[in-house]
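These notes concern the structure reproduced below.
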Amino acid sequence: MQNASNGIERIDNPTPEEFYREFVSKGRPVILTGIASTWPACGRWTPRFFADRFGDTPVQVEVQRSQDPMLHWGEKEVLQTTLARYVELLSSESPKYYLNFASVMAQLPELHRDVGSLDAYQVHHRPYPERVRRKLRLSPIFWFGPAGAFTSLHRDPSDNLLVQVLGRKRLTLFAPEDTPNLYAPWHENCSSGRCLGGYSPVNVAQPDLERFPRLSRARGVDVLLGPGEILFIPIHWWHYVSSVDVSISVSYWWFRRLSQWHWSTAAWVPLRSTLECQVRQWWRARAA
């Protein structure tokens, strides 16, 4: 695995038009500064804040016992707890616990006042009416975890603005052209009975070049994302994410084209889920 010599550009407070022209339309990752750094969340959202204000809120957290991506696909180990108890678990050395809270803004609506709007930056290739734009914007995802928490190498079916609120995250990005070197095509993963869909079986933290020799050709770009910074991850760019510190982030996904929303949301995702479920059942029956 090679590290690309040209890192991710940082640009301060670009206009939405500039952001779309230079980065979104070209599928180029970029770090945006001067936008989220003034949000109240960047000074207010801490583990203690959530424990004190929302401690009784029920949450489901992922239990992370290994960096092996193959162990994190399918039926993950989870723990049902509360935000207050989860904050206590953040100091656990092993296992690690990681919270991703898909409905945070709906369940805790007062958090809306702590963040600004990124609607203007969730730009599209044509001027859709606002009612269409709303459909193309997905609900934000809230990520909250300790140092060492991670998300295995994967790619998303939509563009993503990852806002770092607290602490730092380290990411390794790979362009879509590296997909064959990441052993990600559907048929390769299914050969072992584990269809990963948008995930790669490669362990970026501990690369195994004997098991995955083509990985040596992949050109990863390392990014260290700090509080108040926004990383634009274009659709289909692979990314591995790990927390350097106790970290809080929010992901804002959107489809820049109506056709992407239709095929990714309305058709492909349910179909993929059905196929993955059927494959799991088939392999279990075969092993019985």
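What follows is calculated from the coordinates using simple rules that are stated; it is not laboratory data. The structure displayed is predicted, hence computed values, not measured ones. All Cβ positions, glycine included, derive from the backbone under ideal geometry; neighbour counts span all protein chains shown.
Couplings for region 60-69, taken from phi via the Karplus curve 6.51 cos²θ - 1.76 cosθ + 1.60 with θ = phi - 60°, read 10, 10, 7, 9, 10, 9, 8, 7, 5, x Hz in order; Gly and Pro are left as x. Within the same chain, lysines fewer than 8 places from Lys169 are excluded, and of the rest, those with a Cα less than 27 Å from its Cα are Lys26, Lys76, Lys96.
Over region 2-260, the alpha carbon radius of gyration divided by the compact-protein estimate 2.2 N^0.38 Å works out to 1.00.
Taking the average, over residues, of other Cβ atoms within 10 Å as the packing measure, peptides 175-181, 233-239, 210-216 rank 233-239, 175-181, 210-216 from highest down. When every Cα-Cα distance of region 86-151 is counted in 5 angstrom steps from zero, the calculated P(r) takes the values 3, 13, 18, 16, 16, 13, 8, 6, 4, 2 percent.
For region 237-245, putting each phi into the Karplus relation 6.51 cos²θ - 1.76 cosθ + 1.60 with θ = phi - 60° gives couplings of 7, 6, 8, 10, 10, 9, 8, 7, 10 Hz, in residue order, rounded to whole numbers and with x for Gly and Pro.
Quick note on region 124-180: its Rg to Rh ratio, both from C-alpha atoms and Rh being the Kirkwood radius, is 1.03.
Using the average count of surrounding beta-carbon atoms within 10 Å as a protection proxy, the listed peptides 27-40, 83-96 rank, highest first, as 27-40, 83-96.
Taking amide H as placed 1.01 Å from N in the peptide plane, Leu138 has its amide H under 5 Å from the amide H of Trp253, Trp254, Phe255, each at least 5 places away in sequence or on another chain.
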